[in-house]
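Working notes, structure below.
Just so you know, all these numbers are worked out from the coordinates, no wet-lab data involved. Please read these numbers as outputs of a predicted model, since none were measured by experiment. Backbone-built Cβ (ideal geometry, glycine too); neighbour counts: all protein chains shown.
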Amino acid sequence: MGASPDAFLALALVVAKPKELTAFALFNNSRIMDINEAIGAFSGLAQESRLKVFRLLVQVGADGMAAGDIAKAVGVPKNTLSSHLAILARANLVQARKEGRSMIYAVDLEGTRSLLSFLMEDCCQGDPSVCGPLIETTLATCCSD
């Protein structure tokens, strides 16, 4: 038996932090991704350079980073990075925007929330009191101000 939306809402209120990825919507998405979308997202992350890029963009936040700066930071040639970014974008894990002559890439917060929600959908048999403290501790260490 799955958890009620109220259980996820209660968990979200317990773990909500000011950072974008840990905002209220983390466990109360109106649209949880299906298994095929999750497989696509995990496939996007299942390569060392792409995982490094994704983690870098999570650290940078909503401001994002220019493609050339990403290439330098992770040590990947620009043409190879372009392919990696396209794969991550198709997986709904990064977004691109144009600023002047530069392409700026940032983590796709909604896609990332959907993936996290997919993973947590059946957490602790729907009892937020069981997994809530674990999630709160994890978020505090990775996403503290």
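Take 62-70, 101-109 and order them by the average number of nearby Cβ atoms within 10 Å per residue, most first; the result is 101-109, 62-70. Modelled label positions at residue 119 and residue 51, each set 7 Å beyond Cα in the direction of Cβ, lie 1.2 nm from each other. In this structure, the amide hydrogen of residue 33, modeled 1.01 Å from its nitrogen in the peptide plane, lies closer than 5 angstrom to those of 118, counting only residues at least 5 positions away or on a different chain. Taking each residue as 0.36 nm, the span from residue 110 to residue 42 lengthens on full extension beyond its C-alpha to C-alpha distance by 22.9 nm.
If the chain linking residue 80 and residue 66 were pulled fully straight, counting 0.36 nm for each residue of separation and taking away their Cα-Cα distance, it would gain 3.6 nm. Relative contact order for the stretch 39-112: 36 percent, from Cα pairs under 8 Å spaced at least 6 residues apart, divided by residue count.
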